[in-house]
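Asker: The following block contains the structure, expressed as C-alpha coordinates.
The values are calculated or read from the model by the stated rules, or taken from the named source; none is laboratory data. Since the model is a prediction, treat every value here as computed from it, not as a measurement. Cβ: placed from backbone, ideal geometry, glycine included. Neighbour counts: every protein chain shown. Ligands, DNA and RNA are excluded from the accessible area calculation, which covers all protein heavy atoms including side chains. Shrake-Rupley method; radii C 1.70, N 1.55, O 1.52, S 1.80 Å.
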Amino acid sequence: MNASAAPSETSIILIVDDDRFMRMQLRQCLERERYQVIEAINGEKGLEAYKTNQPNLVLLDALMPVMDGFECCSQIMTHPGAEHTPVLMITGLEDQQSVDRAFEVGASDYVTKPIHWAVLRQRVKRLLHQARLQRQLEEANERLKQLVSLDGLTQVANRRRFDEYLDQEWRRMAREELPISLVLCDIDFFKRFNDTYGHQAGDRCLQQVAQSLMHAARRPADLVARYGGEEFAVILPNTKAHGAVQVAEEMRSQVRSLAIAHADSPVSSLVTLSLGVVSILPQLEIPVASLIAAADKALYQAKAQGRDRVVYSQPLS
Ligand code: GH3
Ligand code: MG
(Lines give C-alpha, C1' and ligand atoms only; values in the text may rest on other atoms or scores of the structure.)
(Ligands and ions follow the chains in the order given, each with its own letter.)
Protein backbone atom coordinates (compact mmCIF):
# COMPACT_ATOMS: atom_id res chain seq x y z
CA MET A 1 0.00 0.00 0.00
CA ASN A 2 1.10 3.52 -0.72
CA ALA A 3 2.25 4.99 2.61
CA SER A 4 1.02 8.45 1.70
CA ALA A 5 -2.45 7.19 0.69
CA ALA A 6 -4.26 8.11 3.90
CA PRO A 7 -3.40 11.83 4.24
CA SER A 8 -4.13 12.62 0.57
CA GLU A 9 -7.51 10.85 0.67
CA THR A 10 -10.20 13.19 -0.68
CA SER A 11 -12.18 14.71 2.15
CA ILE A 12 -15.93 15.06 1.66
CA ILE A 13 -17.36 18.42 2.68
CA LEU A 14 -21.07 19.01 3.10
CA ILE A 15 -22.30 22.57 2.50
CA VAL A 16 -25.68 23.40 4.03
CA ASP A 17 -26.93 26.84 3.02
CA ASP A 18 -30.25 28.13 1.62
CA ASP A 19 -28.46 30.82 -0.45
CA ARG A 20 -27.71 29.36 -3.87
CA PHE A 21 -25.04 31.92 -4.70
CA MET A 22 -23.25 31.29 -1.42
CA ARG A 23 -23.28 27.52 -2.04
CA MET A 24 -21.78 28.08 -5.47
CA GLN A 25 -19.01 30.30 -4.12
CA LEU A 26 -18.21 27.83 -1.35
CA ARG A 27 -18.17 24.93 -3.80
CA GLN A 28 -15.74 26.74 -6.08
CA CYS A 29 -13.45 27.65 -3.24
CA LEU A 30 -13.41 24.08 -1.86
CA GLU A 31 -13.13 22.28 -5.18
CA ARG A 32 -10.08 24.37 -5.93
CA GLU A 33 -8.57 22.71 -2.84
CA ARG A 34 -9.58 19.32 -4.28
CA TYR A 35 -12.24 18.49 -1.72
CA GLN A 36 -15.32 16.56 -2.74
CA VAL A 37 -18.37 18.79 -2.19
CA ILE A 38 -21.99 17.91 -1.45
CA GLU A 39 -24.74 20.52 -1.07
CA ALA A 40 -28.00 20.74 0.87
CA ILE A 41 -30.50 23.61 0.88
CA ASN A 42 -31.67 23.53 4.51
CA GLY A 43 -31.04 21.85 7.86
CA GLU A 44 -33.39 18.96 7.22
CA LYS A 45 -31.84 18.12 3.86
CA GLY A 46 -28.44 18.68 5.42
CA LEU A 47 -29.15 16.06 8.06
CA GLU A 48 -30.20 13.56 5.39
CA ALA A 49 -27.08 14.28 3.35
CA TYR A 50 -24.97 13.90 6.50
CA LYS A 51 -26.41 10.45 7.21
CA THR A 52 -25.99 9.16 3.66
CA ASN A 53 -22.58 10.65 2.86
CA GLN A 54 -20.76 10.67 6.22
CA PRO A 55 -18.80 13.80 5.31
CA ASN A 56 -15.48 14.70 6.92
CA LEU A 57 -16.61 18.27 7.59
CA VAL A 58 -19.85 20.26 7.52
CA LEU A 59 -20.13 23.94 6.56
CA LEU A 60 -23.36 25.06 8.09
CA ASP A 61 -25.34 28.28 7.60
CA ALA A 62 -27.03 29.41 10.83
CA LEU A 63 -30.25 30.94 9.49
CA MET A 64 -32.22 28.77 7.09
CA PRO A 65 -35.88 27.89 6.53
CA VAL A 66 -37.37 24.51 7.62
CA MET A 67 -34.55 23.67 10.05
CA ASP A 68 -31.91 26.18 11.06
CA GLY A 69 -28.20 25.50 11.45
CA PHE A 70 -28.29 25.32 15.26
CA GLU A 71 -30.94 22.60 15.27
CA CYS A 72 -29.22 20.77 12.40
CA CYS A 73 -25.89 20.86 14.23
CA SER A 74 -27.31 19.57 17.50
CA GLN A 75 -29.01 16.70 15.63
CA ILE A 76 -25.80 15.83 13.76
CA MET A 77 -24.03 15.61 17.11
CA THR A 78 -26.36 12.83 18.29
CA HIS A 79 -25.06 10.52 15.55
CA PRO A 80 -22.37 7.98 16.39
CA GLY A 81 -19.01 9.16 15.11
CA ALA A 82 -20.15 12.81 14.94
CA GLU A 83 -17.36 13.74 17.35
CA HIS A 84 -15.01 13.14 14.41
CA THR A 85 -16.92 15.45 12.07
CA PRO A 86 -16.14 19.11 12.66
CA VAL A 87 -18.96 21.55 11.97
CA LEU A 88 -17.98 25.04 10.83
CA MET A 89 -20.84 27.51 11.21
CA ILE A 90 -21.10 30.26 8.60
CA THR A 91 -23.46 33.13 9.14
CA GLY A 92 -24.08 36.83 8.93
CA LEU A 93 -24.79 36.88 12.63
CA GLU A 94 -22.06 38.42 14.70
CA ASP A 95 -23.80 38.85 18.01
CA GLN A 96 -22.33 37.15 21.05
CA GLN A 97 -25.45 35.03 21.60
CA SER A 98 -25.29 33.32 18.18
CA VAL A 99 -21.60 32.57 18.60
CA ASP A 100 -22.24 31.06 22.03
CA ARG A 101 -25.17 29.05 20.70
CA ALA A 102 -23.13 27.66 17.80
CA PHE A 103 -20.52 26.27 20.21
CA GLU A 104 -23.18 25.05 22.64
CA VAL A 105 -24.80 22.88 19.95
CA GLY A 106 -21.42 21.36 19.09
CA ALA A 107 -19.91 23.50 16.31
CA SER A 108 -16.11 23.32 16.16
CA ASP A 109 -15.60 26.80 14.75
CA TYR A 110 -17.39 29.87 13.47
CA VAL A 111 -16.90 32.31 10.58
CA THR A 112 -18.99 35.30 9.60
CA LYS A 113 -20.19 36.63 6.26
CA PRO A 114 -18.87 38.29 4.19
CA ILE A 115 -16.46 35.40 3.99
CA HIS A 116 -12.74 36.02 4.07
CA TRP A 117 -11.84 33.21 1.68
CA ALA A 118 -8.21 32.80 2.68
CA VAL A 119 -9.28 32.46 6.33
CA LEU A 120 -11.99 29.96 5.44
CA ARG A 121 -9.55 27.82 3.47
CA GLN A 122 -7.13 27.68 6.39
CA ARG A 123 -9.86 26.90 8.93
CA VAL A 124 -11.21 24.05 6.79
CA LYS A 125 -7.71 22.65 6.36
CA ARG A 126 -6.95 22.88 10.08
CA LEU A 127 -10.26 21.34 11.17
CA LEU A 128 -9.85 18.40 8.78
CA HIS A 129 -6.28 17.88 9.95
CA GLN A 130 -7.27 17.97 13.61
CA ALA A 131 -10.16 15.55 13.05
CA ARG A 132 -7.85 13.13 11.25
CA LEU A 133 -5.27 13.28 14.04
CA GLN A 134 -7.97 12.76 16.64
CA ARG A 135 -9.27 9.69 14.82
CA GLN A 136 -5.79 8.22 14.46
CA LEU A 137 -5.13 8.80 18.14
CA GLU A 138 -8.33 7.07 19.16
CA GLU A 139 -7.60 4.10 16.87
CA ALA A 140 -4.10 3.80 18.32
CA ASN A 141 -5.54 3.95 21.84
CA GLU A 142 -8.03 1.24 20.98
CA ARG A 143 -5.27 -1.00 19.62
CA LEU A 144 -3.17 -0.31 22.70
CA LYS A 145 -6.06 -1.15 25.02
CA GLN A 146 -6.49 -4.47 23.24
CA LEU A 147 -2.78 -5.21 23.41
CA VAL A 148 -2.55 -4.68 27.16
CA SER A 149 -5.57 -6.94 27.77
CA LEU A 150 -4.70 -9.82 25.46
CA ASP A 151 -2.49 -12.83 25.92
CA GLY A 152 0.03 -12.74 23.09
CA LEU A 153 0.11 -16.49 22.45
CA THR A 154 -3.57 -17.44 22.62
CA GLN A 155 -5.28 -14.10 21.85
CA VAL A 156 -7.74 -14.55 24.71
CA ALA A 157 -7.83 -12.12 27.66
CA ASN A 158 -4.71 -12.06 29.82
CA ARG A 159 -4.47 -12.32 33.60
CA ARG A 160 -4.57 -8.57 34.02
CA ARG A 161 -7.84 -8.29 32.12
CA PHE A 162 -9.22 -11.30 34.02
CA ASP A 163 -8.57 -9.65 37.41
CA GLU A 164 -10.09 -6.39 36.28
CA TYR A 165 -13.18 -7.98 34.71
CA LEU A 166 -13.84 -10.37 37.60
CA ASP A 167 -13.72 -7.47 40.05
CA GLN A 168 -16.06 -5.41 37.86
CA GLU A 169 -18.58 -8.22 37.28
CA TRP A 170 -18.46 -9.33 40.92
CA ARG A 171 -19.61 -5.85 41.95
CA ARG A 172 -22.16 -5.59 39.16
CA MET A 173 -23.72 -8.97 39.97
CA ALA A 174 -23.75 -8.07 43.70
CA ARG A 175 -25.63 -4.84 42.92
CA GLU A 176 -28.09 -6.59 40.63
CA GLU A 177 -28.40 -9.64 42.93
CA LEU A 178 -27.53 -12.05 40.12
CA PRO A 179 -25.27 -15.11 40.24
CA ILE A 180 -21.77 -15.30 38.82
CA SER A 181 -19.86 -18.47 37.92
CA LEU A 182 -16.21 -19.19 37.40
CA VAL A 183 -14.65 -22.13 35.57
CA LEU A 184 -10.96 -22.97 35.97
CA CYS A 185 -9.62 -25.28 33.25
CA ASP A 186 -6.27 -27.02 33.21
CA ILE A 187 -4.80 -29.23 30.50
CA ASP A 188 -4.09 -32.74 31.74
CA PHE A 189 -0.48 -33.94 31.77
CA PHE A 190 0.63 -30.99 29.71
CA LYS A 191 4.22 -31.29 30.87
CA ARG A 192 4.31 -34.75 29.29
CA PHE A 193 2.75 -33.32 26.13
CA ASN A 194 5.59 -30.80 25.86
CA ASP A 195 8.13 -33.50 26.60
CA THR A 196 6.69 -35.74 23.88
CA TYR A 197 5.89 -33.28 21.11
CA GLY A 198 8.04 -30.26 21.90
CA HIS A 199 7.33 -26.78 23.17
CA GLN A 200 6.12 -25.43 19.82
CA ALA A 201 3.48 -28.14 19.54
CA GLY A 202 2.59 -27.27 23.15
CA ASP A 203 2.07 -23.65 22.16
CA ARG A 204 -0.15 -24.66 19.23
CA CYS A 205 -2.16 -26.88 21.54
CA LEU A 206 -2.69 -23.95 23.93
CA GLN A 207 -3.95 -21.82 21.03
CA GLN A 208 -6.42 -24.48 19.92
CA VAL A 209 -7.68 -25.08 23.44
CA ALA A 210 -8.20 -21.34 23.91
CA GLN A 211 -10.29 -21.20 20.73
CA SER A 212 -12.41 -24.15 21.89
CA LEU A 213 -13.11 -22.39 25.17
CA MET A 214 -14.15 -19.28 23.26
CA HIS A 215 -16.61 -21.37 21.22
CA ALA A 216 -18.15 -22.85 24.34
CA ALA A 217 -18.53 -19.56 26.27
CA ARG A 218 -20.71 -17.74 23.77
CA ARG A 219 -22.54 -14.99 25.67
CA PRO A 220 -21.23 -11.47 25.11
CA ALA A 221 -20.56 -11.01 28.85
CA ASP A 222 -18.54 -14.26 29.14
CA LEU A 223 -14.78 -13.84 29.37
CA VAL A 224 -12.17 -16.49 28.59
CA ALA A 225 -8.72 -15.69 29.97
CA ARG A 226 -5.34 -17.35 30.15
CA TYR A 227 -4.90 -17.60 33.88
CA GLY A 228 -1.45 -19.13 34.00
CA GLY A 229 0.82 -21.31 31.83
CA GLU A 230 -1.62 -24.02 30.76
CA GLU A 231 -4.54 -22.92 32.88
CA PHE A 232 -7.54 -20.94 31.65
CA ALA A 233 -10.26 -19.17 33.62
CA VAL A 234 -13.72 -18.39 32.33
CA ILE A 235 -15.99 -15.79 33.94
CA LEU A 236 -19.71 -16.38 33.37
CA PRO A 237 -21.75 -13.45 34.71
CA ASN A 238 -25.45 -13.98 35.38
CA THR A 239 -25.01 -17.76 35.15
CA LYS A 240 -26.22 -20.24 37.79
CA ALA A 241 -24.42 -23.44 38.80
CA HIS A 242 -26.41 -25.63 36.42
CA GLY A 243 -25.64 -23.45 33.39
CA ALA A 244 -21.99 -23.12 34.35
CA VAL A 245 -21.58 -26.91 34.61
CA GLN A 246 -23.17 -27.22 31.18
CA VAL A 247 -20.72 -24.71 29.71
CA ALA A 248 -17.83 -26.53 31.39
CA GLU A 249 -18.99 -29.88 29.95
CA GLU A 250 -19.23 -28.23 26.54
CA MET A 251 -15.63 -27.02 26.95
CA ARG A 252 -14.44 -30.48 27.88
CA SER A 253 -16.15 -32.01 24.86
CA GLN A 254 -14.94 -29.25 22.49
CA VAL A 255 -11.35 -29.88 23.55
CA ARG A 256 -11.82 -33.63 23.14
CA SER A 257 -13.18 -33.11 19.65
CA LEU A 258 -10.02 -31.23 18.70
CA ALA A 259 -8.55 -34.75 18.77
CA ILE A 260 -5.01 -33.59 19.55
CA ALA A 261 -2.92 -36.72 20.05
CA HIS A 262 -1.35 -37.13 23.51
CA ALA A 263 0.31 -40.53 23.42
CA ASP A 264 1.92 -40.20 26.86
CA SER A 265 -1.28 -39.21 28.72
CA PRO A 266 -2.34 -41.84 31.30
CA VAL A 267 -6.03 -40.82 30.95
CA SER A 268 -6.57 -40.76 27.19
CA SER A 269 -4.77 -40.88 23.89
CA LEU A 270 -5.99 -37.33 23.26
CA VAL A 271 -5.47 -33.97 25.00
CA THR A 272 -8.05 -33.58 27.78
CA LEU A 273 -9.11 -30.92 30.25
CA SER A 274 -9.94 -30.94 33.95
CA LEU A 275 -12.37 -28.26 35.05
CA GLY A 276 -13.40 -26.79 38.39
CA VAL A 277 -16.69 -24.90 38.52
CA VAL A 278 -18.07 -22.62 41.19
CA SER A 279 -21.16 -20.41 41.30
CA ILE A 280 -22.28 -17.82 43.82
CA LEU A 281 -24.63 -14.93 44.49
CA PRO A 282 -21.91 -12.39 45.21
CA GLN A 283 -21.97 -9.93 48.09
CA LEU A 284 -19.71 -6.93 48.33
CA GLU A 285 -18.43 -7.94 51.76
CA ILE A 286 -17.21 -11.34 50.47
CA PRO A 287 -13.74 -11.12 48.93
CA VAL A 288 -13.68 -12.09 45.26
CA ALA A 289 -10.61 -14.22 46.01
CA SER A 290 -12.89 -16.72 47.77
CA LEU A 291 -14.51 -17.52 44.40
CA ILE A 292 -11.13 -18.26 42.86
CA ALA A 293 -10.09 -20.37 45.86
CA ALA A 294 -13.29 -22.43 45.58
CA ALA A 295 -12.83 -22.97 41.83
CA ASP A 296 -9.23 -23.96 42.48
CA LYS A 297 -10.40 -26.51 45.03
CA ALA A 298 -12.90 -27.96 42.53
CA LEU A 299 -10.18 -28.18 39.88
CA TYR A 300 -7.90 -29.96 42.32
CA GLN A 301 -10.69 -32.48 43.00
CA ALA A 302 -11.17 -33.03 39.25
CA LYS A 303 -7.47 -33.82 38.97
CA ALA A 304 -7.53 -36.09 42.04
CA GLN A 305 -10.61 -37.99 40.83
CA GLY A 306 -8.83 -39.01 37.61
CA ARG A 307 -8.78 -35.87 35.35
CA ASP A 308 -10.75 -35.34 32.10
CA ARG A 309 -13.81 -34.25 34.10
CA VAL A 310 -15.85 -31.39 35.49
CA VAL A 311 -16.22 -30.97 39.26
CA TYR A 312 -18.58 -28.46 40.82
CA SER A 313 -17.78 -27.13 44.26
CA GLN A 314 -19.98 -25.14 46.62
CA PRO A 315 -18.22 -21.90 47.51
CA LEU A 316 -17.55 -20.88 51.12
CA SER A 317 -18.92 -24.13 52.58
P1 GH3 B 1 -1.72 -31.98 35.48
O2 GH3 B 1 -2.54 -32.94 34.71
O3 GH3 B 1 -1.65 -32.32 36.92
O4 GH3 B 1 -2.21 -30.57 35.26
O5 GH3 B 1 -0.26 -32.07 34.90
P6 GH3 B 1 0.54 -31.02 34.03
O7 GH3 B 1 1.72 -31.67 33.46
O8 GH3 B 1 -0.41 -30.40 33.03
O9 GH3 B 1 0.85 -29.91 35.10
P10 GH3 B 1 2.18 -29.24 35.52
O11 GH3 B 1 1.74 -28.05 36.31
O12 GH3 B 1 3.09 -30.20 36.15
O13 GH3 B 1 2.84 -28.75 34.15
C14 GH3 B 1 2.33 -27.72 33.40
C15 GH3 B 1 3.16 -27.61 32.15
O16 GH3 B 1 2.66 -26.64 31.27
C17 GH3 B 1 4.58 -27.21 32.43
C18 GH3 B 1 4.96 -26.34 31.29
O19 GH3 B 1 5.97 -26.92 30.54
C20 GH3 B 1 3.72 -26.21 30.45
N21 GH3 B 1 3.49 -24.86 30.02
C22 GH3 B 1 3.15 -23.78 30.76
N23 GH3 B 1 3.05 -22.70 29.97
C24 GH3 B 1 3.37 -23.07 28.71
C25 GH3 B 1 3.46 -22.40 27.45
O26 GH3 B 1 3.24 -21.20 27.34
N27 GH3 B 1 3.77 -23.12 26.37
C28 GH3 B 1 4.00 -24.46 26.45
N29 GH3 B 1 4.31 -25.12 25.36
N30 GH3 B 1 3.95 -25.11 27.62
C31 GH3 B 1 3.62 -24.44 28.74
MG1 MG C 1 -1.98 -29.25 33.69
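Asker: How much length, in nm to one decimal, is gained on full extension between Glu285 and Ala259, taken as 0.36 nm per residue of separation minus their Cα-Cα distance?
Answerer: Numbers: separation 26, 0.36 × 26 = 9.36 nm, distance 4.36 nm.
Answer, rounded to one decimal: 5.0 nm.
Asker: In deg cm²/dmol, rounded to 500, what helix-only [θ] at 222 nm does the chain give when every DSSP H run of at least 4 residues adds -39500 (n - 2.57) and the total is split over its residues? Present the calculation step by step, with values, prior to reporting the outcome.
Answerer: Details: 11 runs with 156 residues, N = 317.
Estimated from H runs of four or more residues: -16000 deg cm²/dmol.
Asker: Separate question: So what are the three principal axis dimensions of the range 159-312 from its Cα atoms, in whole Å, longest to shortest?
Answerer: The principal-axis extents, from largest down, are 48, 28, 22 Å.
Asker: Which residues in the range 241-263 place their backbone N less than 14 Å from a point set 7 Å from the Cα of Thr196 along the Cα-to-Cβ direction?
Answerer: Correct set: 259-263.
Asker: Around Met67, which amide H atoms from residues at least 5 apart in sequence, or from another chain, sit under 5 Å from its own amide H, with H modelled in the peptide plane?
Answerer: Excluding prolines and chain starts, which carry no amide H, the hits are Gly43, Glu44.
Asker: Continuing with the same structure: So how much slack lies between Leu63 and Glu142, counting 0.36 nm per residue of separation and subtracting their Cα-Cα distance, in nm? Could you put the intermediate results ahead of the total?
Answerer: Values: separation 79, 0.36 × 79 = 28.44 nm, distance 3.88 nm.
Working it through step by step, the gained length comes to 24.6 nm.
Asker: Scan around Val37 for amide H atoms under 5 Å from its own, H built in the peptide plane at 1.01 Å from N, and keep only partners 5 or more places away or cross-chain.
Answerer: Here Ile13 satisfy the definition.
Asker: Taking the simple approach of a point 7 Å from Cα along Cα-to-Cβ for both Arg218 and Arg132, what is their distance in nm?
Answerer: According to this spin-label approximation, the distance is 4.4 nm.
Asker: When ligands, DNA and RNA are left out and all protein chains stay put, how many square angstrom of accessible area per residue does the range 3-146 have with a 1.4 Å probe?
Answerer: Values: 8130 Å² over 144 residues.
With all protein chains present, the range 3-146 gives 56 Å² per residue.
Asker: Here's a follow-up. Whole-Å semi-axes of the chain's equivalent ellipsoid, largest first, each the root of 5 times a Cα gyration tensor eigenvalue? Please report the intermediate quantities before stating the final value.
Answerer: Numbers: eigenvalues 707, 109, 41 Å².
That gives 59, 23, 14 Å for the three semi-axes.
Asker: Can you compute 3J(HN,Hα) from phi for each residue in the range 40-53, using the Karplus curve 6.51 cos²θ - 1.76 cosθ + 1.60 with θ = phi - 60°, rounded to whole Hz and x for Gly and Pro?
Answerer: Per-residue couplings from phi come out as 9, 9, 7, x, 5, 5, x, 5, 4, 5, 4, 5, 6, 9 Hz.
Asker: Return the percentage of antiparallel bridges among DSSP beta bridges fully within the chain, rounded to the nearest 5 %. Don't skip to the answer; put the middle values down first.
Answerer: Details: 21 of 42 bridges.
Of the beta bridges lying entirely in the chain, close to 50 percent run antiparallel.
Asker: Next question. Tell me, what HN-Hα J-couplings in whole Hz come from the Karplus equation 6.51 cos²θ - 1.76 cosθ + 1.60 at θ = phi - 60° for each residue of the range 166-171, using x for Gly and Pro?
Answerer: Going residue by residue, I get 4, 4, 4, 6, 4, 5 Hz, with x marking Gly and Pro.
Asker: Let me ask something else about it. Read phi for every residue in the range 72-78 and hand back ³J(HN,Hα) as whole Hz from Karplus 6.51 cos²θ - 1.76 cosθ + 1.60, θ = phi - 60°, with x for Gly and Pro.
Answerer: Once rounded to whole Hz, the list reads 4, 4, 5, 6, 4, 5, 7.
Asker: Please list, ordered by chain and number, the residues whose modelled amide H lies under 5 Å from the amide H of His262; skip anything fewer than 5 residues away on the same chain.
Answerer: Hits under the 5 Å cutoff: Leu270, Val271.
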